[in-house]
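The values are calculated or read from the model by the stated rules, or taken from the named source; none is laboratory data. Keep in mind the model is a prediction, meaning the values are calculated, not measured. Virtual Cβ from ideal backbone geometry, glycine too; neighbours counted across all protein chains shown. When the accessible area is computed, the model is the full protein with side chains, heavy atoms only, and any ligands, DNA or RNA have been set aside. Shrake-Rupley method; radii C 1.70, N 1.55, O 1.52, S 1.80 Å.
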Amino acid sequence: MHHSPAVCLCCGAHICTRLSVCRSELQGETKILKLKNLRPKDYANYSCIASVRNVCAIADRRVVFRLTNKTAPASIKLLVEDPIVVNPGQTVSLVCITTAGEPAPSLAWTSGSGSLPEKSLMKEGVLTLPAIASEDTGVYSCIASNNVGNPAKKSTTIIVRALKKGRFWITPDPYHNDDNIQIGREVKISCQVEATPPEELQFSWLKNGRALRSSERMVITQTDPDISPGTTNLDIIDLKFTDFGTYTCVAALRGGAIPEISIDVNISSTTVPPNLTVPRGKSPMAVREGETVELECLVSGKPKPIILWSRADKEAPMPDGSMQMESYDGVLRIVNVSREMSGSYRCQTSQYNGFNVKPREAVIELIVRYPPAVEPVWQEVRQGLGRQVSMNCRVLRAHPSRVLRYEWRLGSRLLHAGTFDSRDDTDYIVRSLVREGYGEYTCDVINEVGPGRCTFLLTEFYYDTYSPLWQNRPRVYGYKLQWTQMNPSAVDRIMAYRLGIRQTGQQRWWEQDIPVEGNIQKGELITHNLTELIRPEAYVVRLTPITRFGEGDSSTRVVTYSAPINPDLREFHCSFEEDPVCMFTQDKNDDFDWTRHSAATRDTKYTPNTGPSGDRSGSKQGFFMYIETSRPRKDGDTARLLSPTFNVAPKNPYSITSPPVYCFSFYYHMYGKHIGSLNAFVKQKGQSTSDAGPVWSLSGNQGDRWRQAKISIHPTASFQVIFEGIRGPGIEGDIAIDDVTLEEGECPDPPSNPIRGAAACGVSSIWPLSVTLFFTVIIGQR
């Protein structure tokens, strides 16, 4: 019986939207149209249409399949050998051609390593690898696809010739229990290399520079099945004084295109097995966390073997991530020591480049001293006025653990201090909470290395979300609404919240229920996103708790639109490598602009004795910002560069007695005999630049090098940093800046600030201008 063929047409749909009103998830779906008992009238065009029926204005997607009596899957052929063995530096071309397929297949090349080499070129089925290297060794596959049946695939292997890792070892007479070389006994010299391909490897031996042939007393074997491949052995039977000398093992690949590897081994009366010791005073080694330490084992013997380092006290990786590290001088250098690196380290002789005897070993103890690790590192505590609050900070571990003391603070004010006795924790209790008691409490637990810190943010039962507003379309914005339920255990279980929202100035409320799963815990944060709010309208939001017995007390708040400000300012870094330059903008009220440039493209034809020769890292390709002081600029002209606006939420919502502190740092380059001035400002919301006053200022030639400035700032409202460059008396006055950083916390060891005293006054004097009024949501119930 004859059956007509069947054909399957596959169509895949992939739809995604981030618009909040649609709430669509990422979807991928395949639909199959299967035609059985194919007939001539089935040869036609077939259209697959993916549609969401214009939801979110997403248009339909269409793909057309043309089915004919010539439709056939792809077939290909490689016009290359398999494997292909080449020398490094050669150019390799892999040719792939199609032999069948309708419609015409598309050709692509892949590598077994995941991605093709960056230098590879592909054109019309030909993959070219110029200047091939050892790392390009692997399997390369040509894949042909025309959406009919499975893709066709053909592969070949490229092998790049290589010789590396030459090593040797000396084995004393195995029939005597003695590690030394002795006259009249046997001694074996082994030589090993890694060869690609291994079948092309060939060895030869020399004694004192003259070719050595295998004989009854000098037995040469090319391979040893008991040892890994790529090994040759020279057995000297019945060692004599005349056998002392230098033996050379030469490894080469047939064809001679790869440089040989020669290994010299000296056999004499001074050739002795190794010995390993730890220098006096080098164990135990005590070091502070973050420092660099060198663990040292003294190795004697001739020849000196490679030393292997590993952990002696536990199965743990070494600092580089491997289980074992090699050292040729017996020293293990560990940079940026961490507390997890404490313990015992074993140094052990390797058989390589030495004697193949029982390993010699020694153990060194490393002690890492570190500040106390404490818990909780950060915790939010919520309590109402007049209530008692207890905070507990516990020490988990510290080294040294003795002489621990603690300090409790509210902001910068010291509340209580003491030392630990037999306990490993400390408490601070507020008997009756007052309004001024809200804020950030810290407990520093201190040993001789430094402090560990517990932080407690004490707030009332409401939540003002940090930077809650976002904008996803020009006329639409969203708002993250968050709240807590005051004393949830004191009321009936809340089943849902009724959310009401209306535009200010209008009477109509829109309502929906927000279901609550399970019991609400004390201090639990509840979140609901308000979307499709029309900019710049404000909205009244009302929340009402619902239990099985009815509704509780409602609470309202007003949501007001303001232009979204930068994300949470924990760390900001700008090296001006991308354009736009980290949202920096030019001041419209100055005389000229800052210029983004790199030393590789900057024209220094007219001003050779000014400006940097590279960016802060020394790269001529890296970018920086600078002021060009050539004509038509005049003495005293200013250029100001404005950062984006950073949002700072006060840590205590009722006062600004402890504003957050940030480290503002940047690199500057002021070289040339006509250098003017560079000023840095911190302009807070509501201030003008002239009112702010500079927090940092410098004038005149500072030499042809980059220098760093660091300033601790205490903003109390959203703020910008501003760089002002002032042109000096001539054209050799280019000023540059790079790597601008804002990080939370005081500056560690800041460079001297030429106007620090004035800056401190300038910042502190504006605090009273930055009071923020908060509207709170407190959900309660009668």
Subset tally (residues that are open to solvent by 60 Å² or more (accessible area, probe 1.4 Å) and in contact with a Phe, Trp or Tyr (Cβ under 8 Å, 6 or more places away or on another chain)) for the range 503-533: 3
Report yes if some residue within the range 680-688 is in a strand (DSSP E or B), among the polar types (S, T, N, Q) and within 21 Å of Pro644 (Cβ to Cβ); otherwise report no. yes
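Restricting the range 266-304 to residues that are basic (Lys, Arg) and within 30 Å of Gly184 (Cβ to Cβ), which is nearest to the chain's Cα centre (by Cα)?
The residue in question is Lys304.
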Within the range 392-439, track down each residue that is assigned to a loop (DSSP other than H, G, I, E, B) and either surrounded by 12 or more Cβ atoms within 10 Å (Cβ to Cβ) or modelled with pLDDT of 90 or more (or both). Pro400, Ser401, Leu404, Gly411, Ser412, Phe420, Asp424, Arg431, Leu433, Tyr438
Okay, strands (runs of 3 or more DSSP E) sitting entirely in the range 303-377 with 2 or more residues that are charged (D, E, K, R) and either touching a Lys or Arg at 6+ places or on another chain (Cβ under 9 Å) or not assigned by the TED database to the domain that holds Asn177 (or both), I get 361-375
Among the residues of the range 81-125, how many are in contact (Cβ under 8 Å) with a residue 60 or more places away in the chain, hydrophobic (A, V, I, L, M, F, W, C) and either outside the structural domain of Asn150 (by the TED database) or open to solvent by less than 40 Å² (accessible area, probe 1.4 Å) (or both)? 4
Among the residues of the range 256-272, what is the count of those that are more than 15 Å from Ser204 (Cα to Cα) and either of a type in the set (Ser, Thr, Tyr) or at pLDDT below 90 (or both)? 6
Quick check on Ser712: is it open to solvent by 20 Å² or more (accessible area, probe 1.4 Å), in contact with a Pro (Cβ under 9 Å, 6 or more places away or on another chain), farther than 21 Å from Pro612 by Cβ and modelled with pLDDT of 85 or more? yes
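Determine whether the range 230-244 contains at least one residue that is without any contact (Cβ under 8 Å) to a residue 40 or more places away in the chain, in contact with a Leu (Cβ under 9 Å, 6 or more places away or on another chain) and open to solvent by 30 Å² or more (accessible area, probe 1.4 Å).
Among the residues of the range 230-244, not one is without any contact (Cβ under 8 Å) to a residue 40 or more places away in the chain, in contact with a Leu (Cβ under 9 Å, 6 or more places away or on another chain) and open to solvent by 30 Å² or more (accessible area, probe 1.4 Å), which makes the answer no.
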Thr442 - would you say it is open to solvent by 40 Å² or more (accessible area, probe 1.4 Å), among the polar types (S, T, N, Q) and in contact (Cβ under 8 Å) with a residue 12 or more places away in the chain? no
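Tell me, which residue of the range 357-371 that is in contact with a Pro (Cβ under 8 Å, 6 or more places away or on another chain) and open to solvent by 10 Å² or more (accessible area, probe 1.4 Å) is nearest to Val445 (Cα to Cα)?
If we take residues in the range 357-371 being in contact with a Pro (Cβ under 8 Å, 6 or more places away or on another chain) and open to solvent by 10 Å² or more (accessible area, probe 1.4 Å), then Pro371 is nearest to Val445 (Cα to Cα).
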Scan the range 173-181 and give yes if some residue there is in a strand (DSSP E or B) and either under 19 Å from Asn266 (Cα atoms) or in contact with a Lys or Arg (Cβ under 8 Å, 6 or more places away or on another chain) (or both), otherwise no. no
May I ask you to list the residues in the range 152-191 that are open to solvent by 70 Å² or more (accessible area, probe 1.4 Å) and closer than 30 Å to Ala74 by Cβ? Lys153, Lys154
One residue is enough: does the range 54-77 have a residue meeting the conditions in contact with a strand residue (DSSP E or B) (Cβ under 8 Å, 6 or more places away or on another chain) and closer than 29 Å to Ser134 by Cβ? yes
